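Visitor: One structure is given below, represented as structure tokens, and several questions about it will come after.
Bear in mind these aren't lab numbers, they're just calculated from the coordinates by the rules spelled out. All values derive from a computational prediction rather than experimental measurement. In this analysis, Cβ positions are derived from the backbone assuming ideal geometry, glycine residues included, and neighbour counts consider all displayed protein chains.
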Amino acid sequence: MTATGVFEGMDAGGHEQVVYCNNPRIGLRAIVAIHDTTLGPALGGVRMWPYDDGDAALMDVLRLSRGMTYKNALAGLEHGGGKAVIVGDPAVDRTEARMRCFGRFLDSLGGRYITAEDVGMTAVDMEYILQETPWVTGTHEYRGGSGDPSPFTAQGTLAGIRACLRERFGHVDIGEVSYAVQGAGHVGTELISRLRDHDARVFVCDVDPERVQRAVDEFGCVPVDEEAIFDTGAEVFVPCALGGVINPETLSRLRCDIVAGAANNQLATTADGDELHRRGIVYAPDYAINAGGVMNVSLEMKGYSAERAHAMAERIEDTISAIFERARAEAIPTWLAADRLAEARIAERAVLRSSAPATPAGAIHVPSGRG
Ligand code: NAD
């Protein structure tokens with residue numbers, strides 16, 4: 001892609017800054033995309049992926065960083081959206097040198113972008129990055145970090161499910177209805193455990209049979225085949241695995257009242273979100289209901305408190321309710337109501353910043369005692 005093409009891509013998405021990081025001797029190629037810092041320094045994960053070429057990496061980082069702006073805005077965070085991608089195969093390219101080199105590039109941005117673990121990265125990689133820059137979240141507890149975000153993501157998802165139950169059934173009794181959980185990984189298992197605490201009937205599937213067996217043995221779930229998860233008849237379908245799971249094929253099979261789960265990018269296209277709306281299926285927009293994890297890591301920049309993170313995750317119930325209210329008021333699908341709420345918060349903050357002397361965006365204290 002030409003430089004003009006990059007600018008056009010940035011214009012189309014409304015991106016502020018794209019930074020290419022290249023060190024041929026170390027073998028690092030990375031791109032940082034800062035989408036919007038109206039609400040504060042950009043926060044979003046770094047993923048390693050074997051992209052076919054630089055254009056594919058750019059398109060992905062532009063898309064992901066924009067998504068983080070919306071997610072952080074709806075989560076009520078003082079952070080804008082950003083994301084980083086490292087071009088490479090996680091199975092062979094995750095070396096200390098590459099990670100530290102990436103950390104140095106991040107450091108040169110002076111905190112305009114704060115990173116976290118994403119697909120293809122591990123806690124060890126984040127430790128290496130932290131050796132070179134303080135602008136890292138989601139590190140281990142012994143570093144003053146917040147550790148595994150999954151319990152907070154699951155807690156927030158459960159809070160969002162309560163809002164869905166109220167919307168659809170007029171009650172918030174988790175145990176009254178049944179759930180079909182797709183994916184018994186980190187978040188899925190945490191969520192299953194909470195659903196079973198309420199004695200809910202839970203169907204579970206996973207491509208990994210051991211994970212299904214653990215859900216059966218430890219929590220008393222009902223195992224189903226991967227494909228059968230759409231046909232259980234459970235009132236709530238809970239995607240906790242893949243993106244794109246709501247698509248024309250699955251829509252023709254789903255018989256649920258509610259779709260509410262932690263997986264990112266659940267709608268293959270927004271038209272599928274429109275179709276959920278048309279069918280009267282209550283959909284909790286993914287980036288709103290799964291924000292417990294980013295809420296948790298965001299607190300590291302201010303001095304981490306698990307208690308505060310739990311309280312923030314509970315607030316997702318109100319966020320999801322507010323989305324439903326707006327969707328009803330404007331007779332629009334919930335995915336669109338979520339986008340509009342996020343855009344409204346950013347627009348209001350932009351007005352506030354332009355009309356009153358305030359702390360400049362990007363001004364945040366450098367975390368001390370870490371690294
Ligand atoms: P994970 O990798 O631990 O779990 C995903 C599980 O899904 C795995 O057990 C995997 O075997 C299973 N899976 C994959 N394909 C499947 C299929 N076709 N059918 C059934 N199961 C399948 O990941 P995670 O951390 O639990 O995250 C789950 C989802 O939630 C992802 O989409 C992730 O992006 C999203 N998410 C996670 C967090 C978090 O805090 N971990 C935060 C926000 C969003």
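Visitor: Say the dipole of the chain comes from +1 at the beta carbon of Lys and Arg and -1 at that of Asp and Glu; which of His79, Phe102, Leu352 then lies farthest toward its positive end?
Guide: It is Leu352, whose Cα lies furthest towards the positive end.
Visitor: To continue, here is another question. With angles folded into 0 to 90 degrees, how steeply does helix 96-108 sit against the dominant principal axis of the chain? Use alpha carbons for both and round to 10.
Guide: Between the helix axis and the principal axis of the chain, the angle is about 80 degrees.
Visitor: Order the peptides 146-159, 42-55, 246-259, 205-218 from the highest to the lowest mean number of other Cβ atoms within 10 Å of their residues.
Guide: 146-159, 42-55, 246-259, 205-218
Visitor: How tilted is helix 186-197 with respect to the longest principal axis of the chain? Cα atoms for both, answer in degrees (0 to 90, nearest 10).
Guide: Helix 186-197 sits at roughly 30 degrees to that axis.
Visitor: Of the listed peptides 344-353, 179-188, 263-272, what is their order by residue-averaged count of other C-beta atoms within 10 Å, with the highest listed first?
Guide: Order by mean packing, descending: 179-188, 263-272, 344-353.
Visitor: Oh, and also: Given just the C-alpha atoms of region 245-316, how large is their convex hull per residue in cubic angstrom?
Guide: Output value, Cα hull per residue: 89 Å³.
Visitor: If you don't mind, there's one more thing I want to ask. For region 150-345, with only Lys/Arg (+1) and Asp/Glu (-1) charged at the beta-carbon, what is the dipole magnitude about the Cα centre, in debye rounded to 20?
Guide: Dipole size: approximately 540 debye.
Visitor: I need the semi-axes of the equivalent ellipsoid of region 150-345: take the C-alpha gyration tensor, multiply each eigenvalue by 5, square-root it, list largest first in whole angstrom.
Guide: So the equivalent ellipsoid measures 24, 22, 15 Å along its semi-axes.
Visitor: In a Gaussian network model over the chain where Cα atoms closer than 10 Å are linked, find which of Val61, Val177, Val202 has the largest mean-square fluctuation.
Guide: Evaluated over the chain, the most mobile residue of the options is Val177.
Visitor: From the helices alone, meaning DSSP H stretches of at least four residues, give me the mean residue ellipticity at 222 nm for the chain, per-run term -39500 (n - 2.57), in deg cm²/dmol to the nearest 500.
Guide: Helices in the chain give a 222 nm mean residue ellipticity of -14000 deg cm²/dmol.
Visitor: Next up: Measure nothing but the geometry: give the 0 to 90° angle between the long axis through the Cα atoms of 123-132 and the longest principal axis through the Cα atoms of the chain, rounded to 10°.
Guide: Tilt relative to the chain: about 30 degrees.
Visitor: Evaluate the charge dipole of region 188-272 about its Cα centre and quote only its size in Debye, nearest 20, assuming +1 on the Cβ of each Lys and Arg and -1 on the Cβ of each Asp and Glu.
Guide: 200
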